[in-house]
Amino acid sequence: MLDLKKIISHSKEYGFIFPSSEIYDGLSAIYDYGPFGVELKNNIKNYWWKSMVQENENIVGLDSSIFMHPRIWKASGHVDAFSDPLVDNKDSKKRYRADTLIEDHVIKIQKKIDKEILKGEKRFGDDFNNEKFQQTNTKIIKYNKEIKAIKQKLNSSLQQDNLIGLSELIDQLDIKCPISGTNNWTDVRKFNLMFDTQLGAISDVASKLYLRPETAQGIFVNFLNVQKSARKKIPFGIAQIGKAFRNEIVARQFIFRMREFEQMEMQFFVKPGDEIKWYSFWKQQRMEWHKKLNLQLGEYQFHDHQNLAHYANAACDIEFNFPIGFKELEGIHSRTNYDLSQHQIFSKKKLSYYDTEIQESYLPYVVETSVGLDRLFLSILCGSLVEEPVNNEKRIVLKIPPFLSPISVAVLPLIKKDGLSNKARSIFNYLRSKFRCQFEDKDSIGKRYRRQDAIGTPICLTIDHDTISDDMVTLRNRDTMLQERVAIKNLPKIIRGKLDI
Ligand code: GAP
C-alpha cells in the first residue's frame, strides 16, 4: 500500500481532495472534494443508500436537519459526556489528547519489541522461532509487561473518567512533548467536542445551538414520525446520510479524522431481547458489504469492544488496514433503548411502540451501524491506488471498483485532425446520457491513458482512422491494459457489463 503522503499528493494533483481554504493557508482538518472526489463520494453514497434502503424492504430513509433543539444533546448525554481528555504543553503551547499521548508511548515500546525481533531473525536465520523468541527474550518480556500495565491503567482511568489517573500516567512514563521536548504539562482536563453557535440575534444560553456531532439523534427523535408515516412494523430501520461536526483535538491523518465530516448511519429498531441476534446479523452484514467492494489491498478485521459505553450491551468496530495501520472504519453498536428512553424523559412525549403481534407497548431496542463516508472514501483510495512498472516506467493507477469510478468511460480521438475529433464527439454524445463520460483530445494518447488510469477510469475508447470506415473503436481495459476492437453499436451493452456491481 502507498504511504499516506503519496495518497494525499495524488488526491490533490488529480482533483479528488483539496485542503479547505488553501489560499488562506488552509483550515486544520477540514477538506474540500474536487471534481473527481465529489463524483467518487456521490457514487459511494449511492451504493450505500442502494444497499441499505432500496434493497432492504424494512429500512427507510431520512434527512434530518443539522441544527436540532439543544435539549436533544442534553438528553443524549453529549453535553455532559461527549468529551476527550486534553492536556497542554506549557512550553510549546501545543494541545494533545492525553490518551493519544499515552498510546503513542505504547507504540514506541512496541517498536522496541519489533527491533529485538529483527535482531533475533538476523541472528538465528532459518531457525528463528518468533513465538519462542518472544516468550524467552528478557527484554521483550519486560516491554510486554510494561505495555500491559500501561494499557490497564489507561483503560481504567478512561472508564472511570479519572483525569488525575491520566495525569499521573503521563508523569510516571515521563512523556515529553514532541515539539518542545519537555514534560511541562498542565493537568488533564475535559474538552467537549461539540461546536456551538447562536440561534437568532439574541445571545443567551437558551438560544445556544450545537452542530450535530452524529446523525443518529435526528433518527431517534423522528422515530415515531417515521414509523407511523411509513407504516413500519418492528423490526425496521431508519437510514440517514449527513454532515457531522466534532472539534477534534488531534486532527491529523488527512480525511481520517476531520472536524467536518459525513456519516452514513442506520438505526435498526427491534423488540427488547432480540437485540443481540440483530447485532450479530448486522455485524456480519456490514463486514460482507465492505469485503464485497473487493479492493486490491483491502484488509479488514473486527475489534470487539471490551469496555462498553454505559448504554451499550455489545459493540464492535470494523477496522481497515490504512497506511497508518488497522483503524476504525465503521462502528456497530447495540445501544439498548437508552436514546429513546432519554428522549422520552427529556421531551415528556411517549415514544413507545405498540406491537400488535404480542399486544404490548414497549420502547424498542436499537442496533446501530455507523460508517464515516470520508473514512470509507479514504479506505477505497488507499486500497485501490497502486504504482506498477510498465515498459521500464512506472504507472500510477487507481484500481477502484469500476461501478464507483468518477468517470466510467473516456472517449479519446487518437489525433484531433482527419475528422477523428468529430467522430469521437458523436460517440461521446451518444454515450454521455447513459454513462459518466469524459471527452479528451489534448496530449498524446499515452499521456491521456495515464491520466485516466490515475483517476480510475475503467474504460478508455480510442477513435482512430479505421473507426471512420468500420464504425469500431479500441476499448482499453484500465487494469490489464489489454485492448479489443468493438463495434460502436454494441458499446452500451459492453460497458454496462463491465460496470456491473
Ligand atoms: N452514532 C455513533 C457514532 O457516531 P462514532 O464511532 O463516534 O459513532 C461513527 O462514529 C463513525 O464515524 C466512525 O466509525 C468513523 O468512520 C466516523 N467518524 C467519527 N469521527 C470522525 C472524524 N472526526 N472524522 C471522520 N470520520 C469520523
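Summary table below
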| quantity | calculated |
| --- | --- |
| Members of region 260-293 found to be among the acidic types (Asp, Glu) and either over 30 Å from Asp104 (Cβ atoms) or open to solvent by less than 50 Å² (accessible area, probe 1.4 Å) (or both), listed by number | Glu262, Glu265, Asp274, Glu275, Glu288 |
| Among (1) more than 15 Å from the ligand (Cβ to nearest atom); (2) in a helix (DSSP H, G or I) - the single one Lys349 does not satisfy | (2) |
| Where Glu131 falls short, out of the listed (1) within 24 Å of Ile170 (Cβ to Cβ); (2) over 29 Å from the mean Cα position of the chain (by Cα) | (1) |
| Pair list, Cβ < 8 Å and 6+ apart or interchain, from region 246-266 residues that are without any contact (Cβ under 8 Å) to a residue 60 or more places away in the chain to residues that are more than 8 Å from the ligand (Cβ to nearest atom) and part of a loop (DSSP other than H, G, I, E, B) | Arg246/Leu193; Arg246/Met194; Arg246/Phe195; Asn247/Leu193; Asn247/Met194; Asn247/Phe195 |
| Enumeration of residues in region 30-59 that are open to solvent by less than 30 Å² (accessible area, probe 1.4 Å) and either at pLDDT below 95 or under 30 Å from Lys348 (Cα atoms) (or both) | Ile59 |
| Which listed residue, of Ile396, Ile468, is assigned to a strand (DSSP E or B) and either surrounded by fewer than 18 Cβ atoms within 10 Å (Cβ to Cβ) or among the small types (Gly, Ala, Ser) (or both) | Ile396 |
| Answer from Phe346, Phe403, Phe326 - the residue that is of a type in the set (Phe, Trp, Tyr), free of Cβ contacts under 8 Å to residues at least 40 places away in the same chain and open to solvent by 10 Å² or more (accessible area, probe 1.4 Å) | Phe326 |
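Residues checked against (1) surrounded by 16 or more Cβ atoms within 10 Å (Cβ to Cβ); (2) away from the ligand (no atom under 16 Å from the Cβ); (3) within 26 Å of Ile102 (Cβ to Cβ):
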residue: Asn183; (1), (2), (3): no, yes, yes
residue: Met194; (1), (2), (3): yes, no, yes
residue: Gly200; (1), (2), (3): no, yes, no
residue: Tyr210; (1), (2), (3): yes, no, no
residue: Phe223; (1), (2), (3): yes, no, no
residue: Lys233; (1), (2), (3): no, yes, no
residue: Gln240; (1), (2), (3): yes, no, no
residue: Ala244; (1), (2), (3): yes, no, no
residue: Met258; (1), (2), (3): yes, no, yes
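The values are calculated or read from the model by the stated rules, or taken from the named source; none is laboratory data. Here the structure is a predicted model, which is why all the values come from computation and not from measurement. Quick reminder, even Gly has a Cβ in these numbers, built from the backbone with ideal geometry, and neighbours come from all protein chains shown. Each accessible area value is taken on the protein alone, full model and side chains, heavy atoms only, with ligands, DNA and RNA left out. Shrake-Rupley method; radii C 1.70, N 1.55, O 1.52, S 1.80 Å.
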